[in-house]
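Asker: Quick one: this structure, given as structure tokens, is what I'll be asking you about.
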Amino acid sequence: MKKRILLAVALTVFCTAALAQNPLLQRRYGTPYEIPPFEKITVDNYREAMLKGMEQEKAEIQAIIDNKETPNFQNVIVALSESGDLLSKAGIWSNLNSASSTPELQALARELSPIRSAHSSWISMNKPLFDKIKYVYDHRDEYNLNQEEKTLLDRTYQSYVKGGVLLSPDKQKELAAINLELSNLQLQFSQNLKHDTNQTYVIANSLKELEGLPQANIELAAKLAEKIGQKGKWAFNMQRASCNPVLQYCKNRELRKKVYLMYNDRCNHNDEYDNKEIARKIIDLRLKKANLMGYKNFAEMQLKDRMAENAKNVYDLLDQIWAPAVAKANEELADIKAMMKKDKVKGQPQPWDYMYYLDKAKKAKFDIDEALVSEYLEIDNVQKNGVFYVANKLYGLNFRERTEDYPVYEATAKSWDVIDRDGNVIAIYYSDYFPRDGKNAGAWNTTFRGQRYDGAQRLQPIVLNCCNLAMPSGDRPALQTIDNVTTMFHEFGHALHSFFRNVKYRGTPGVERDFVELPSQVNEHWAFEPEVLRHYAKHYKTGEVIPQELVDKIEASSKYGQGFATVEYLAASLVDMDLHCLEEVPADLDVMKFQAEKLAARGIPKQILPRYSVTNFSHSLGGGYSAGYYSYIWAEVLDCDAFKAYQETGDIFNQEVAERFRKYILSPGGIDKGSVMYHNFRGREPKVDGLLENRGLK
Ligand SMILES: [Zn+2]
């Protein structure tokens, strides 16, 4: 008995020692630029730091409430803005859960979801805290605040109102329950989608089925098959990098059909990963939440604080583009029918014919071979001599790769110092380009640490671009498609926004959701400018610069297929809006039927399905872009108009315009409304013609 007690004591001591070593709980990591020492942090460390972080934040907030001084901007708003330091430090586990998930991290996500939700509710519905915020808000004219401070105060006040602090205790309880259920459902939605994207396969049994598929993709498919115990066959998962080449290049119509349907029907297989009922519940709960807050539907609540302001403005823009886009798609459809006839394929074109024949029609019309173009788009060249080159020409940035001394969370991710004209490191950048198990689909930008001040010192943001681009295969390096190069420029545009952010307070908000894609999309405009292309597009074998003839063909064909692409995108945006404008969600609502009926009523060509079906529409149902998928095209009005500001000077690297863009758009966070920030940059309102021209819809 005694021995046992001794053992227990010994164990306790051991555990305490282990806890003390949790890197997240140390005041400093002691790494270069305080980059998190990823390799040394365990899942248990994250759990412990998250729990402690919530405790700490609670104590910090309680101290604000208990403070006997008269409330003022400093002791309430700034104090609140600076609280939760440990929690945000520990929060990087969630970035890793998107980029390099493991079953342990997924389990942690499920475990923390209800705890975090309860914690947020405690803060957002905290009446004594709100009373202090309201006091400061009501006395705001007495503090002589600058623009950033005004915005910080205003958004803090509004976010508490939005969080339900003014509701009766009963309704607050109801809201907290809704928030909890929503966060669980959204998490489940995303985890199901990750499964169906990474772990459902189409298998080809013979090489003959793969006719037309580039050799590199054949090799990757063979590798994947071997990995899943199907050696000697060829496997495709539902990552775009794996399945898109089949849709674009495979002659075998049956295989294209299988892949297309499997992709489109992710999480719609009536199995344990099905998202139909989850999506319906999410929509229903969001409506209930909006009603509780006094709005007639969820879209109204979401749009109130965006550039668009209301659903009518969103529909007006989408409708304005819908008709010319459908007309263009029908033109393209005629080309597809002609190509199919030539191929002696009977019947009407189907969704799985679109990419394949559009590619063929493009080849025939413009004599362009995308596989040949890819031979000039080697990933390192695109990054160093394209993406980085443009950032250098516009903003004077230089990039230094850190191969050994920086912590890495994933062996294939590269780390870089971002250096300004004066030689200062202004940010740390990770480029994580290749797909792997446990990585979310798609591409995104995020930060391991946002820009902030430590006293007078600006701490460098640690920024991450995650993509799923084409991998090296055999003796071929990672050769990219035109689309993938666009993605690299896009995500890097977000990264630039993170690099240059320079605000005083940590709580200063970011830009509105429908403004967020301006920095990323404007950066895409440089990707295929001939001057830029010549700088990075070199043949992977010979080093030969891309011939002028090919540059001309890329330019001439760049708008081809935009009818299809625009309709596909608008369709998803419309469904996202339609779902969130509902004022009643029937218990038997079939979300897939809803989607089909809504789009048929708008006259969508039968061959085009929305870019995402509701069951795999993570932008809309997973959280970030709910009643917000329209944001891409909303911001496109801005980015096309913004790029014209450069073109109008006759110099796409005009320094004066670039400086204005950096100063008014990239640096100030969201200290002003997007419409004001844009006006500051351009000196006028944006015009929509640039977008229509850019998509060839004019
Ligand atoms: Zn983006």
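Asker: Tally up the residues in the stretch 405-427 that are within 21 Å of PRO472 (Cα to Cα) and either in a loop (DSSP other than H, G, I, E, B) or among the polar types (S, T, N, Q) (or both), please.
Answerer: Looking only at that region, the number is 7.
Asker: Still on this model: From GLU529, GLU583, which residue is acidic (Asp, Glu), out of contact with any Phe, Trp or Tyr (no Cβ under 6 Å at 6 or more places or on another chain), more than 30 Å from ASN291 (Cα to Cα) and more than 16 Å from the ligand (Cβ to nearest atom)?
Answerer: The unique qualifying residue is GLU529.
Asker: Filter the stretch 244-287 down to the residues that are of a type in the set (Val, Ile, Thr) and under 30 Å from ASP483 (Cα atoms) and list them by number. Full working, then the answer.
Answerer: Quick first cut of the stretch 244-287, residues of a type in the set (Val, Ile, Thr) only: 246, 259, 278, 282-283.
Once the filter is applied, which keeps residues that are of a type in the set (Val, Ile, Thr) and under 30 Å from ASP483 (Cα atoms), the stretch 244-287 yields VAL246, VAL259.
Asker: List pairs: first residue in the stretch 466-494 and within 25 Å of LEU666 (Cβ to Cβ), second residue more than 12 Å from the ligand (Cβ to nearest atom) and in a strand (DSSP E or B) anywhere in the structure, Cβ distance under 7 angstrom, at least six positions apart or on different chains.
Answerer: Here the result reads CYS466/ASP432, each pair linking the stretch 466-494 to a residue that is more than 12 Å from the ligand (Cβ to nearest atom) and in a strand (DSSP E or B).
Asker: Need pairs with beta-carbon distance below 6 Å; first residue under 22 Å from PRO71 (Cβ atoms) and within the stretch 157-172, second of a type in the set (S, T, N, Q); sequence gap 6+ or separate chains.
Answerer: Pairs found: GLY163/SER124; GLY164/GLN172.
Asker: Could you please give the count of residues in the stretch 28-83 that are part of a helix (DSSP H, G or I), within 29 Å of VAL408 (Cα to Cα) and β-branched (Val, Ile, Thr)?
Answerer: Qualifying residue count, the stretch 28-83: 1.
Asker: Confirm whether THR615 is under 30 Å from HIS679 (Cα atoms) and more than 16 Å from the ligand (Cβ to nearest atom).
Answerer: When the stated conditions are applied, THR615 does not pass them.
Asker: Another question about this same structure. Would you point out the residue of the stretch 423-450, among those that are touching a residue at least 12 places away in the same chain (Cβ under 8 Å) and more than 20 Å from TYR409 (Cα to Cα), that is surrounded by the fewest Cβ atoms within 10 Å (Cβ to Cβ)?
Answerer: Out of the qualifying residues, it is VAL425.
Asker: Here are the criteria: (1) within 20 Å of the chain's Cα centre (by Cα); (2) aromatic (Phe, Trp, Tyr); (3) at pLDDT below 95. Tell me which single one TYR560 does not satisfy.
Answerer: Of (1) within 20 Å of the chain's Cα centre (by Cα); (2) aromatic (Phe, Trp, Tyr); (3) at pLDDT below 95, only one is false for TYR560: (1).
Asker: Another question, then. Run down ALA527, ALA495, ALA587 and say which single residue is in a helix (DSSP H, G or I) and of a type in the set (Gly, Ala, Ser).
Answerer: On the way: ALA527 fails: in a helix (DSSP H, G or I); ALA587 fails: in a helix (DSSP H, G or I).
Step by step, each of ALA527, ALA495, ALA587 is checked, and only ALA495 is in a helix (DSSP H, G or I) and of a type in the set (Gly, Ala, Ser).
Asker: Given the options ALA495, ALA565, ALA537, ALA478, name the one that is within 16 Å of the ligand (Cβ to nearest atom), among the hydrophobic types (A, V, I, L, M, F, W, C) and open to solvent by less than 10 Å² (accessible area, probe 1.4 Å).
Answerer: Going through ALA495, ALA565, ALA537, ALA478 in turn, the sole match is ALA495.
Asker: Can you name the residue in the stretch 223-260 that is farther than 13 Å from TYR201 by Cβ and of a type in the set (A, V, I, L, M) and is also modelled with the lowest pLDDT among such residues?
Answerer: ALA241
Asker: Another question, if that's okay. Mind counting the residues in the stretch 62-117 that are of a type in the set (Phe, Trp, Tyr) and either open to solvent by 40 Å² or more (accessible area, probe 1.4 Å) or more than 15 Å from LYS52 (Cα to Cα) (or both)?
Answerer: 1
Asker: Scan the stretch 253-267 for residues that are of a type outside the set (D, E, K, R) and surrounded by fewer than 19 Cβ atoms within 10 Å (Cβ to Cβ) and jot them down.
Answerer: Listed by number, the residues that qualify are LEU261, MET262, ASN264.
Asker: Only helices (runs of 4 or more DSSP H) wholly contained in the stretch 85-129 count here; list those with 3 or more residues that are closer than 22 Å to TYR505 by Cα, modelled with pLDDT of 95 or more and out of contact with any strand residue (DSSP E or B) (no Cβ under 9 Å at 6 or more places or on another chain). Walk me through it before giving the result.
Answerer: Details: elements: 85-90, 92-99, 103-124.
Correct list: 85-90.
Asker: Something else about it: Filter the stretch 540-558 down to the residues that are open to solvent by 30 Å² or more (accessible area, probe 1.4 Å) and either assigned to a loop (DSSP other than H, G, I, E, B) or within 16 Å of the ligand (Cβ to nearest atom) (or both) and list them by number. Reasoning before the result, please.
Answerer: Taking the stretch 540-558 first, the residues open to solvent by 30 Å² or more (accessible area, probe 1.4 Å) are 540-545, 547-549, 552-553, 555-556, 558.
Hits for the stretch 540-558 are TYR540, LYS541, THR542, GLY543, GLU544, PRO547, SER558.
Asker: I would also like to ask the following. Just to confirm my filter: which helices (runs of 4 or more DSSP H) fall fully inside the stretch 309-386 and include at least 1 residues that are farther than 23 Å from ALA596 by Cβ, free of Cβ contacts under 8 Å to residues at least 24 places away in the same chain and open to solvent by 50 Å² or more (accessible area, probe 1.4 Å)?
Answerer: By residue number, 311-342, 351-366.
Asker: Could you give every pair whose Cβ atoms fall below 6 Å, whose first residue belongs to the stretch 662-679 and is β-branched (Val, Ile, Thr), and whose second residue is open to solvent by 20 Å² or more (accessible area, probe 1.4 Å), counting only separations of at least 6 or pairs across chains?
Answerer: Within 6 Å, the pairs are ILE671/GLN147; ILE671/GLU148.
Asker: Restrict the check to the stretch 509-525 and report whether at least one residue is closer than 30 Å to GLN302 by Cβ, in contact with a helix residue (DSSP H, G or I) (Cβ under 9 Å, 6 or more places away or on another chain) and away from the ligand (no atom under 16 Å from the Cβ).
Answerer: Yes, the stretch 509-525 contains a residue that is closer than 30 Å to GLN302 by Cβ, in contact with a helix residue (DSSP H, G or I) (Cβ under 9 Å, 6 or more places away or on another chain) and away from the ligand (no atom under 16 Å from the Cβ).
Asker: Among ALA411, ALA391, which is the only one that is among the small types (Gly, Ala, Ser) and in contact (Cβ under 8 Å) with a residue 12 or more places away in the chain?
Answerer: Being among the small types (Gly, Ala, Ser) and in contact (Cβ under 8 Å) with a residue 12 or more places away in the chain holds for just one of ALA411, ALA391, which is ALA391.
Asker: Ok, one more. If a residue must be open to solvent by 10 Å² or more (accessible area, probe 1.4 Å), over 30 Å from VAL551 (Cα atoms) and more than 15 Å from the chain's Cα centre (by Cα), how many such residues does the stretch 498-531 contain?
Answerer: 8
Asker: Can you tell me which residues in the stretch 428-457 are among the small types (Gly, Ala, Ser), away from the ligand (no atom under 15 Å from the Cβ) and either out of contact with any Lys or Arg (no Cβ under 9 Å at 6 or more places or on another chain) or part of a loop (DSSP other than H, G, I, E, B) (or both)?
Answerer: Listed by number, the residues that qualify are GLY438, GLY450, GLY455, ALA456.
Asker: Separate question: Scan the stretch 64-80 and tell me whether some residue there is in contact (Cβ under 8 Å) with a residue 40 or more places away in the chain and among the small types (Gly, Ala, Ser).
Answerer: So far as the stretch 64-80 goes, no, none of its residues is in contact (Cβ under 8 Å) with a residue 40 or more places away in the chain and among the small types (Gly, Ala, Ser).
The values are calculated or read from the model by the stated rules, or taken from the named source; none is laboratory data. Just so it is clear, the structure is predicted and the values come from calculations on it, not from any experiment. Cβ sites come from the backbone with ideal geometry, for glycine too, and all protein chains shown count toward neighbours. Protein only, heavy atoms only, side chains kept; ligands, DNA and RNA dropped before computing areas. Shrake-Rupley method; radii C 1.70, N 1.55, O 1.52, S 1.80 Å.
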